[in-house]
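Written out below as structure tokens is the structure these notes cover.
The values are calculated or read from the model by the stated rules, or taken from the named source; none is laboratory data. In this text, all values refer to a predicted model and were calculated from it rather than measured experimentally. Here Cβ is always computed from backbone atoms with ideal geometry, including for glycine, and neighbour counts include all displayed protein chains.
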Amino acid sequence: MTQEASLTVNNQEYKLPTTIGSENEIGIDITKLRAASNCITLDPGYGNTGSCKSAITFIDGEKGILRYRGYPIEQLAKQSNFTEVAQLLIWGDLPNKGQNDRFNELLKDNALIHENLKHHFQGFPSSAHPMAILSSMINALSCYYGDHFSPDINGDTSKSLKLVSALLISKIRTIAAFSYKMGRGEPFRYPDPRRDYSSNFLHMMFSMPHDRYEASPTISRALDMIFTLHADHEQNCSTSTVRMVGSSGANLFASISAGVCSLWGPLHGGANMAVIKMLEDIHTGGKDIDEYVKLAKDKNSDIKLMGFGHRVYKNFDPRATLLREACDEVFKELNISDPLLDIARKLEDVARNDSYFVDRNLYPNVDFYSGIILKALGVPVNLFTVLFAIGRLPGWIAHWRESYLEGGRISRPRQIYTGETQRDYVPMAKR
């Protein structure tokens, strides 16, 4: 049954159509509101604004539900893998064996970057942030591989988008690993086609000419799960950026590069880095865990418990539950001793059993566990957001494609002007 909303402005009523999603979400369509009433809605941060219709990811924050294309994240995280999930997000269905084999062959064939691109790394100082390098290098890819991409991507059989998707998903690992090596002054390690996606990335990161790094199945699987759990998360800041840039007609490389820059912000992709910084502050400051938690509960204190609670999930973050299990397996596998990881465990136990946090549903989120897992794997903190970008890339591609196929208008938000009204120019001598 068609539903209709009404809005009254200055005693004038306006009828507004509604759109009902497949999970019974109701959206009030204000597309024609300004033309009819000369009014716009005001929603800073777009927290209550639906910018698009999408069939990719469903989130119910109150119930702690996350589904990719209808599949519960719990099933995908435990039974699938990142490259299969990437195909699901981009094309809409899980691949059959033949499709999966062909996609993985494309990943292997496109893992190397053009040799001339290696010289671009030399133009960055050794102190350059890996996210700056990543964004720049993805843009540079369009110069070398842009001829592989045709704007005609209608239909799921588009060879152009499949090739460029595999190219980006494969080469982003190589760029990330090379930026790590460059910062350390170590020789680049080329990808090994015999390894799976995550093991290959760890090999390029940590292998040396005299010492080939071999990731155990537990370690490789933990990293693969981190990528899978970050693969998409609906209309977040970086995904909305990719859609907005793409709406101008910008190609996929430019749109993804913009998404990387958006993710770089500490309020978005930097959350797991903030967790490690918090742990370091507690350790170096010799702070007592109970006292730190007490300060975090004090409204007059500037202390915050990073990695707890989530803007979307008002109950629990389903991704955190999965990563907590992976975290236990990684710790058991590595049998490492790290004071920061010890603090994280103690902090988790205190917060999970403190009524203040329990009553407010401030449970450890995905950033808390991904941060301590990456720390345990030896990934430097300044590379955390880069790994987030690797995981989020399939979602960005999926949303860019969906937006392109819809053929909508260029994104152009309105504003409520609060500046000066008209005034006349005053010559310099009279000011």
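Which condition breaks for residue 97 when tested against (1) assigned by TED's automatic domain parsing to the domain that holds residue 228; (2) closer than 28 Å to residue 311 by Cα?
Unmet for residue 97, out of (1) assigned by TED's automatic domain parsing to the domain that holds residue 228; (2) closer than 28 Å to residue 311 by Cα: (2).
Select from the range 319-347 the residues that are over 16 Å from residue 284 (Cα atoms) and crowded, with 21+ Cβ neighbours inside 10 Å and write down the one among them that is nearest to the chain's Cα centre (by Cα).
Per the criteria, the residue is 319.
Do we have residue 303 as loosely packed, with under 15 Cβ neighbours inside 10 Å and of a type in the set (A, V, I, L, M, F, W, C) here? Reasoning before the result, please.
Values: loosely packed, with under 15 Cβ neighbours inside 10 Å: no; of a type in the set (A, V, I, L, M, F, W, C): yes.
Here the answer is no, as residue 303 does not meet what is asked.
Could you tell me which residue of the range 61-109 is farthest from the chain's Cα centre (by Cα), considering only residues that are under 22 Å from residue 199 (Cα atoms) and small (Gly, Ala, Ser)?
Applying the filter and picking the extreme gives 80.
Considering each residue of the range 17-33, count those that are under 18 Å from residue 72 (Cα atoms) and among the hydrophobic types (A, V, I, L, M, F, W, C), and give that number.
Here the count works out to 0.
Go through the residues of the range 46-57 one by one and say whether even a single one is crowded, with 16+ Cβ neighbours inside 10 Å and of a type in the set (Lys, Arg).
Checked the range 46-57: no residue is crowded, with 16+ Cβ neighbours inside 10 Å and of a type in the set (Lys, Arg).
Tell me which residues, restricted to the range 193-220, are surrounded by 19 or more Cβ atoms within 10 Å (Cβ to Cβ) and not in a loop (DSSP other than H, G, I, E, B).
Scanning the range 193-220 gives 197, 198, 199, 200, 201, 202, 203, 204, 205, 206, 219, 220.
What number goes with the only condition from (1) outside any loop (DSSP other than H, G, I, E, B); (2) without any contact (Cβ under 8 Å) to a residue 60 or more places away in the chain; (3) not hydroxyl-bearing (Ser, Thr, Tyr) that residue 267 does not pass?
(1)
For the range 323-339, does any single residue satisfy the condition of being closer than 15 Å to residue 271 by Cβ and either modelled with pLDDT of 85 or more or out of contact with any helix residue (DSSP H, G or I) (no Cβ under 9 Å at 6 or more places or on another chain) (or both)?
For the range 323-339, residues closer than 15 Å to residue 271 by Cβ and either modelled with pLDDT of 85 or more or out of contact with any helix residue (DSSP H, G or I) (no Cβ under 9 Å at 6 or more places or on another chain) (or both): present.
Could you tell me whether residue 23 is at pLDDT 90 or above and closer than 18 Å to residue 229 by Cβ?
Criteria not met by residue 23.
Let's see how each residue does on (1) touching a residue at least 60 places away in the same chain (Cβ under 8 Å); (2) assigned by TED's automatic domain parsing to the domain that holds residue 239; (3) out of contact with any His (no Cβ under 7 Å at 6 or more places or on another chain):
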position	(1), (2), (3)
328	no, no, yes
349	no, no, yes
371	yes, no, yes
386	yes, yes, yes
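Among the residues of the range 270-296 satisfying the criterion of being in contact (Cβ under 8 Å) with a residue 60 or more places away in the chain and β-branched (Val, Ile, Thr), which is farthest from residue 400 (Cα to Cα)? Explain how you work it out, then say what you get.
Kept after step one, since they are in contact (Cβ under 8 Å) with a residue 60 or more places away in the chain, are these residues of the range 270-296: 270-277, 279-280, 282-283, 289-290, 293.
Narrowing the set further to residues that are β-branched (Val, Ile, Thr) leaves 275-276, 282, 289, 293.
On the way: 275: 31, 276: 32, 282: 41, 289: 44, 293: 42 Å.
Per the stated criteria, the residue is 289.
Can you name the number of the only condition in (1) within 30 Å of residue 140 (Cα to Cα); (2) at pLDDT 95 or above; (3) in a helix (DSSP H, G or I) that residue 75 fails?
Answer for residue 75: the failing condition is (1).
Of the residues that make up the range 167-178, is at least one farther than 22 Å from residue 404 by Cβ, part of a helix (DSSP H, G or I) and either hydroxyl-bearing (Ser, Thr, Tyr) or modelled with pLDDT under 95 (or both)? Steps first, please.
Here is the first cut: in the range 167-178, the residues farther than 22 Å from residue 404 by Cβ are 173-178.
The next check asks that each one be part of a helix (DSSP H, G or I); those that pass are 173-178.
Those still in the list that are either hydroxyl-bearing (Ser, Thr, Tyr) or modelled with pLDDT under 95 (or both) too: 174.
Scanning the range 167-178 turns up at least one residue that is farther than 22 Å from residue 404 by Cβ, part of a helix (DSSP H, G or I) and either hydroxyl-bearing (Ser, Thr, Tyr) or modelled with pLDDT under 95 (or both).
Kindly indicate the residue of the range 271-300 that is among the polar types (S, T, N, Q) and surrounded by fewer than 20 Cβ atoms within 10 Å (Cβ to Cβ) and also nearest to the chain's Cα centre (by Cα) among those meeting that condition. Talk me through it step by step, then tell me what you get.
Taking the range 271-300 and keeping what is among the polar types (S, T, N, Q), we get 272, 284, 300.
Checking which are surrounded by fewer than 20 Cβ atoms within 10 Å (Cβ to Cβ) leaves us with 284, 300.
On the way: 284: 30, 300: 32 Å.
So the residue we want is 284.
Would you be able to tell me the number of residues in the range 351-369 that are within 17 Å of residue 306 (Cα to Cα) and free of Cβ contacts under 8 Å to residues at least 40 places away in the same chain?
3
In the range 241-264, what residues are crowded, with 20+ Cβ neighbours inside 10 Å and not in a helix (DSSP H, G or I)?
264 - this is the single residue of the range 241-264 that is crowded, with 20+ Cβ neighbours inside 10 Å and not in a helix (DSSP H, G or I).
So which residues in the range 306-318 are at negative phi and either modelled with pLDDT of 85 or more or within 20 Å of the chain's Cα centre (by Cα) (or both), if there are any at all? Reasoning before the result, please.
The first filter runs over the range 306-318 and keeps only residues at negative phi, leaving 306, 308, 310-318.
Answer for the range 306-318, where residues must be at negative phi and either modelled with pLDDT of 85 or more or within 20 Å of the chain's Cα centre (by Cα) (or both): 306, 308, 310, 311, 312, 313, 314, 316, 317, 318.
List the residue pairs whose Cβ atoms are under 7 Å apart, where the first residue sits in the range 29-56 and is assigned to a helix (DSSP H, G or I), the second is loosely packed, with under 13 Cβ neighbours inside 10 Å and of a type in the set (A, V, I, L, M), and the two are 6 or more positions apart or on different chains.
37/9
Name the residue that is surrounded by the fewest Cβ atoms within 10 Å (Cβ to Cβ), counting only residues in the range 395-431 that are within 22 Å of the chain's Cα centre (by Cα) and of a type in the set (Gly, Ala, Ser).
Going through the qualifying residues, I end up with 411.
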